[in-house]
Amino acid sequence: ATEFVIDGLRATIENKEILKGVNLKIRGGEVHAIMGPNGTGKSTLASAIMGHPKYEVTGGTITLNGEDVLEMEVDERARAGLFLAMQYPSEITGVTNADFLRSAINARRGEGNEISLIKFIRQMEKAMKELEMNPEFMHRYLNEGFSGGEKKRNEILQMMMLEPSIVILDEIDSGLDIDALKIVAAGVNSMRSEDRGFLIITHYQRLLNYIKPDYVHVMMQGRIVKSGGPELAERLEAEGYDWVKEELGIED
Ligand code: ADP
Ligand code: MG
Ligand code: MG
């Protein structure tokens with residue numbers, strides 16, 4: 001069974017401490033949402049989990065099924081089953097979407113176990129159809145000239161094809177109109193399973209109407225300061241974050 005545990009995680013960027021002791025446990029089958037004001041370290045948390053070189057982890061541990069994630073190189077983390085749909089996906093000229101995905105899938109499957117071209121194309125076509133993506137996106141350079149919404153759909157396409165065990169979605173709802181949001185949410189929901197856990201970072205409760213979380217966490221000043229169920233997201237949407245600060249005696 002999938003178990004992903006973050007314990008006392010601290011991280012700095014350019015010698016400034018952003019994460020100040022994050023604790024979080026995600027089991028297979030669970031959907032966790034993190035909400036929080038801008039600049040509190042949500043994207044930093046996602047990047048630190050994936051091993052982005054800009055962020056230096058200065059304390060704490062991350063394990064996936066008991067294995068030390070912080071010891072793994074970036075590509076090993078992906079192979080181990082960690083996936084991040086980025087807030088700002090990068091454009092890569094010269095590499096088509098299909099090429100990129102096929103090598104990512106094969107890296108995850110390992111040598112001698114590569115996916116056949118036919119099977120790959122069939123799966124990609126099926127996933128793209130579910131996400132209502134134009135088939136031409138298969139042969140476009142990765143994210144180049146994609147609109148904000150197309151980039152987000154493409155991140156979900158990668159998630160569906162890679163079948164990760166821990167999925168992190170960083171503001172997947174930003175820049176999506178309501179129809180695209182529903183399509184993206186349906187893609188995510190189709191991937192919910194007992195052996196897969198989700199961490200959904202969002203500013204808006206609206207997304208959580210379509211992807212129902214089991215747990216909602218509030219992040220402030222580099223820590224998870226409060227956790228609850230879906231009702232917590234509804235209260236944050238209605239009342240903002242001031243009441244949380246007051247309740248916990250947090251100063252700006
Ligand atoms: P959130 O995702 O919660 O809005 P971030 O994790 O993106 O917050 O940012 C947390 C803090 O780290 C902010 O103060 C931000 O300015 C700072 N930060 C993030 N990335 C960088 C960077 N590349 N260089 C310098 N500071 C950064
Ligand atoms: Mg932000
Ligand atoms: Mg962010």
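The numbers here are math on the coordinates, done by the rules we state, and not lab data. Keep in mind that this is a model prediction, so the values were computed, not measured. Using ideal geometry, Cβ is built from the backbone for each residue, glycine included, and neighbour counts are taken over all protein chains shown.
Output the relative contact order of the chain, whole-number percent, from Cα pairs under 8 angstrom with separation of 6+ residues.
The normalised contact order for the chain reaches 28 percent.
Over what distance in Å are the Cα centres of region 153-173 and region 184-252 separated?
Between the Cα centres of region 153-173 and region 184-252 lies a distance of 18 Å.
Pop a pseudo-label 7 angstrom from the Cα along the beta-carbon direction at both HIS203 and GLU247 and give the gap in nm to one decimal.
2.2
Given a Förster radius of 22 Å and the C-beta distance between ALA1 and THR63 as r, what FRET efficiency does 1/(1 + (r/R0)^6) yield to the nearest 0.05?
Efficiency, rounded to the nearest 0.05: 0.95.
Which value in nm describes the separation of the simple spin-label points at TYR88 and ARG122, placed 7 Å from the Cα toward the beta carbon?
Going by the 7 Å Cα→Cβ label model, 4.1 nm.
Test of understanding: in a Gaussian network model of the chain with alpha carbons linked when under 10 Å, which of ASP173, ASP242, ASP214 would top the mean-square fluctuation ranking?
Result for the chain, Cα springs under 10 Å: ASP242 fluctuates most.
Quick check on the exposure proxy: order VAL184, VAL57 from fewest to most C-beta atoms within 10 angstrom.
Sorted ascending by nearby Cβ count, the order is VAL57, VAL184.
Enumerate the calculated ³J(HN,Hα) couplings along region 144-157 in order (Karplus 6.51 cos²θ - 1.76 cosθ + 1.60, θ = phi - 60°), each rounded to whole Hz, writing x wherever the residue is Gly or Pro.
Ordered by residue, 3J(HN,Hα) equals 5, x, 6, 6, x, x, 5, 4, 5, 4, 5, 4, 5, 4 Hz.
Label points 7 Å out from Cα along the Cβ direction at HIS139 and ARG192: separation in nm?
3.8
Which value results when the Cα radius of gyration for region 3-248 is divided by 2.2 N^0.38 Å?
Region 3-248 yields a ratio of 1.00.
In debye to the nearest 20, how big a dipole does the chain give about its Cα centre with +1 on each Lys and Arg Cβ and -1 on each Asp and Glu Cβ?
Here the size comes out at about 460 debye.
Tilt of helix 230-239 relative to the longest C-alpha principal axis of the chain, in degrees (0 to 90, nearest 10)?
70
If I take every Cα pair under 8 Å that is 6 or more residues apart in region 181-252, average their sequence separation and divide by the length, what percent do I get for the relative contact order?
Taking the mean separation of contacting Cα pairs over the length of region 181-252, I get 23 percent.
With axes computed from alpha carbons, what is the tilt in degrees of helix 117-130 against the longest principal axis of the chain, rounded to the nearest 10 within 0 to 90?
Long axis of 117-130 versus the principal axis of the chain: about 50 degrees.
Tell me which lysines have Cα within less than 29 Å of LYS245's Cα, excluding those fewer than 8 residues away on the same chain?
Partners within reach: LYS16, LYS20, LYS25, LYS42, LYS212, LYS226.
Angle check, please: helix 178-190 long axis (alpha carbons) against the longest principal axis of the chain (alpha carbons), in degrees 0 to 90, nearest 10.
So the inclination is approximately 80 degrees.
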